[in-house]
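A.B. asks: Here you go, one structure.
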Amino acid sequence: MRTEYGNFIDGEWVDSTTGETFPSANPADRNEVVGTFARSGPADVDQAVQAALRAYPDWMLTPVPQRSDYLLRVALILEGRKDEFAEVMTREMGKTLNESRADVQEGIDFAHYMSGEGRRFFGDTIPAELPNKVQMTMRHPIGVVGLITPWNFPIAIPLWKIAPALISGCTAVFKPAEDTPLCAALLTDVFNEVGLPPGVLNLVNGTGEGAGSALVDHPDVRAISFTGSLDVGRAINEKCARAMKRCSLELGSKNALIVMPDAQLGLAVEASAWGAFATSGQRCTATSRLIVHEDVREPFTEQLLDRVGKMKVGNGLDPDVELAPVINEKQKNRVMEYISLGQQEGATIIAGGDELTGDEHANGYFIAPTVFDEMTPTMRIAREEIFGPVTGVMRVGSIDEAIEAANGTEYGLSCSIYSHDITNIFKCAQQLEFGLVYANAPTIGAEIQVPFGGMKSTGNGHREAGPQALDEFTEWKTVAIDFSGKLQRAQMR
Ligand code: UN1
């Protein structure tokens, strides 16, 4: 398999103008370099944007069902290469092979789904108050868009952005995270293989400072779709606001799982372990707070510790491993800093808390699954996104207190309640300030046909996935046709 890639611009793989490259390494074994990629700069971004601009007029006039066909073929190729892509993903990003397969599957599902949306792509017809006049709405593509994606879902999230952008008639410049450029290059190669017209999808590799900012700043880029941290999202939002660009942000969160006394405890424990430690806690939907009613706190924590104690930590290619490494050294250090901060703040560690450095873990970024107890709402570990295998138990005395605690951060992506009491469940559905609310299901694992996104600082009101994904990349246009043969004046009654 090819492992050296430049940028994909105007239908060709080309070297970057900087001549610089960077390696992508395996988080489970830093000595294994999975590939070498272009470290691009503003001139490369400009070339990609120019290619996208040239491709735009034909692409926006291509009938939407024809645009669908490309996506359908992408989905079919990915289906055939699912295992191969999953293995690359585990070697480049670290997560377990089963989770990598699920990531590719989420991408396949969404490419299929968006391909279907292209056969609908509905507008409305709306009655007119004047005779012999019809009115309708149609979606209009926003133009050239910049797609900046994270490393935690290196196939699914790029497709969450590329698929609706292309169906909508936009042309795109894709800037993937610098931790997962091989996954991005393989995905781009699939779009090339299905014969997508040159310039419709362009890939520019590099860092956020070197390439990402140039994409955000480029005057011909009409919209940015970004998934990543709150700090970077805020900076992008400010720049886009000034330039009057569409900007869609999917940022951090501090998700919670509420356990009430009538919950099926075993299920709540399984969901907590899965939600907190799948993808090593590196999901924006990860369960980083366990809000547990005091009546069940003891048996809940006991069972959770028992479950967490059984987790094998190691290389994601090992089928027995449940907890894979975190993405890189910097992230490992950040998570370890939060673990010591939690202790300083007065929370107690009841599981994990340390970095694993023995023989089998010596060359990777492994952190034991960590559970805090006695976490309180004002602690930074209870308010800030850690993005690692760390969760904490907070105790509450009622459903109202649980809801207040859950809502007590600036974020709002995903919240679960474990209870069989219909009142508790509907109170949560009504009062939780989260874009995703689950009852008796974990905080992770949203399906692609439902809108995905968060309230408060998790985003800026846009939704990815679901039919709403098209709203990110289109403007509504109202078209009125008067066939009365005379000048009709609205409202002049
Ligand atoms: C993310 O972590 O950014 O709901 C996305 C989930 C996945 C998507 C997570 N389907 O956990």
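A.B. asks: Among DSSP bridges having both ends in the chain, what percentage is antiparallel? Round to the nearest 5.
C.D. replies: Roughly 40 percent of the beta bridges in the chain run antiparallel, per DSSP.
A.B. asks: Students often check this: by mean Cβ neighbours within 10 Å, which of 323-329, 342-348, 194-200, 391-397 ranks highest, and how do the rest follow?
C.D. replies: 323-329, 391-397, 194-200, 342-348
A.B. asks: Give a residue-ordered list of calculated ³J(HN,Hα) values for segment 398-409 (Karplus: 6.51 cos²θ - 1.76 cosθ + 1.60, θ = phi - 60°; whole Hz; x for Gly, Pro).
C.D. replies: Per residue, the Karplus-derived 3J(HN,Hα) values read 7, 5, 5, 5, 5, 5, 4, 5, 4, 6, x, 10 Hz.
A.B. asks: Quick one: net charge of residue 47's neighbours, Cβ under 14 Å, K/R +1, D/E -1?
C.D. replies: Value of the local net charge: -4.
A.B. asks: Relative to the longest principal Cα axis of the chain, at what angle does helix 82-93 sit, 0 to 90 degrees, rounded to 10?
C.D. replies: Here the helix axis deviates by roughly 60 degrees.
A.B. asks: Would you kindly state how much longer the chain becomes between residue 334 and residue 84 on full extension, computed as 0.36 nm times their sequence separation minus their alpha carbon distance, in nm to one decimal?
C.D. replies: 86.9 nm
A.B. asks: Then there is this: Largest first, please: the extent of the C-alpha atoms of the chain along each principal axis, to the nearest Å.
C.D. replies: For the chain, the Cα spread along each principal axis is 78, 63, 41 Å.
A.B. asks: As an exercise, identify the GluC sites (Glu not before Pro) in segment 2-75 lying in DSSP coil whose Cβ has no more than 15 other Cβ atoms within 10 Å.
C.D. replies: Numbers: sites: 4, 12, 20, 32; in loops: 20.
When the GluC sites (Glu not before Pro) of segment 2-75 are filtered for loop state and at most 15 Cβ neighbours within 10 Å, 20 remain.
A.B. asks: Looking at segment 1-78, which trypsin sites (Lys or Arg not before Pro) are DSSP coil and have at most 10 other C-beta atoms within 10 Å of their C-beta?
C.D. replies: Within segment 1-78, the qualifying trypsin sites (Lys or Arg not before Pro) (loop, at most 10 other Cβ atoms within 10 Å) are 2.
A.B. asks: Note down the net charge around residue 194, summing +1 for each Lys or Arg and -1 for each Asp or Glu among other residues with Cβ under 11 Å from its Cβ.
C.D. replies: Numbers: positive: 73; negative: 69, 189, 193.
Result for the neighbourhood of residue 194: -2.
A.B. asks: Any chance you could give the angle, 0 to 90 degrees and rounded to 10, that helix 42-61 forms with the longest Cα principal axis of the chain?
C.D. replies: Computed tilt is about 60 degrees.
A.B. asks: I would also like to ask the following. Provide the per residue accessible area, probe 1.4 Å, for segment 255-439, rounded to a whole number of square angstrom.
C.D. replies: Here the residues of segment 255-439 average 39 Å² of exposed surface.
A.B. asks: A further question on this structure: Tell me, how many Å apart are the Cα centres for segment 24-100 and for segment 347-385?
C.D. replies: Centre-to-centre distance over Cα atoms comes out at 32 Å.
A.B. asks: Right, another one. How much of the DSSP beta bridge set in segment 189-294 is antiparallel, as a percent to the nearest 5?
C.D. replies: The antiparallel proportion sits near 0 percent.
A.B. asks: Could you pull out every residue, at least 5 positions away or on a different chain, whose amide H is within less than 5 Å of the one on residue 462? Hs are placed 1.01 Å off N in the peptide plane, and Pro or chain starts have none.
C.D. replies: 249
A.B. asks: Show which lysines lie in cross-link reach of residue 254 when reach means a straight Cα distance below 16 angstrom and same-chain residues fewer than eight apart are skipped.
C.D. replies: Cα-Cα hits under 16 Å: 456.
A.B. asks: Sticking with this one: Lysines near residue 310 by alpha-carbon distance under 20 Å, same-chain residues fewer than 8 away left out - which ones?
C.D. replies: Of all the lysines, those that pass the test against residue 310 - Cα under 20 Å, at least 8 places apart if same chain - are 95.
A.B. asks: Quick one: helix 156-168 against the long Cα principal axis of the chain, what's the angle to the nearest 10°, folded into 0 to 90?
C.D. replies: Long axis of 156-168 versus the principal axis of the chain: about 20 degrees.
A.B. asks: If we count every other residue with Cβ under 13 angstrom of residue 415's Cβ, Lys/Arg +1 and Asp/Glu -1, where does the sum land?
C.D. replies: Numbers: positive: 254, 289, 427, 456; negative: 404, 433.
Local net charge: +2.
A.B. asks: Now a separate question. Quote the charge dipole size of segment 255-439 about the Cα centre in Debye, to the nearest 20; the model charges only the Cβ of Lys and Arg (+1) and of Asp and Glu (-1).
C.D. replies: Computed charge dipole of segment 255-439: roughly 380 debye.
A.B. asks: Considering the chain, which cysteines have no disulfide-compatible partner, defined as another cysteine with its Cβ under 4.7 Å away?
C.D. replies: Isolated Cys, the chain: 170, 183, 284, 415, 428.
The values are calculated or read from the model by the stated rules, or taken from the named source; none is laboratory data. Because the structure is a prediction, the values reported are computed rather than measured. Here the Cβ is made from the backbone with ideal geometry for all residues, glycine too, and neighbour counts use every protein chain on show. Areas reflect the complete protein model, heavy atoms only, side chains present, ligands, DNA and RNA absent. Shrake-Rupley method; radii C 1.70, N 1.55, O 1.52, S 1.80 Å.
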